[in-house]
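Just so it is clear, none of the values below were taken in a lab; they were calculated from the coordinates. These numbers come from a predicted model, not from an experiment. Every residue, glycine as well, gets a Cβ built from its backbone with ideal geometry; the counts of neighbours run over all protein chains shown.
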Amino acid sequence: MGNYGEDDANIMPGVAPLQEALKKYGKNFDIKVFPGAKHAFNNNTNADRYHPDASKDAWARTSSFYKKNLAA
């Protein structure tokens, strides 16, 4: 499960290789890249980085993932 900002120059170079490796080894995964989002796009205390739409969607995706995979 991964939520990534498209404009995160440090992280994005590793996303495609990660996806390829997960596919190669038959792992289930859910990766979403948010267009126009930077690193730390959930940080609502940083107006330069905060991306409200991506943040809302990423939080919903993460919460759903936790409920599905970690709930007892």
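Residue pairs whose Cβ atoms lie under 8 Å apart, sitting 6 or more positions apart in sequence or on different chains, and linking a residue in segment 1-23 that is of a type in the set (Phe, Trp, Tyr) to a partner that is exposed (fewer than 11 other Cβ atoms within 10 Å of the Cβ) and in a helix (DSSP H, G or I), do not occur here.
Within segment 1-51, which residues are among the charged types (D, E, K, R) and either within 20 Å of Tyr66 (Cα to Cα) or assigned to a loop (DSSP other than H, G, I, E, B) (or both)?
Selection gives Glu6, Asp7, Asp8, Lys27, Asp30, Lys32, Lys38, Asp48, Arg49.
Whether a residue is among the aromatic types (Phe, Trp, Tyr) and surrounded by 15 or more Cβ atoms within 10 Å (Cβ to Cβ) was assessed, and Phe29 does not pass this test.
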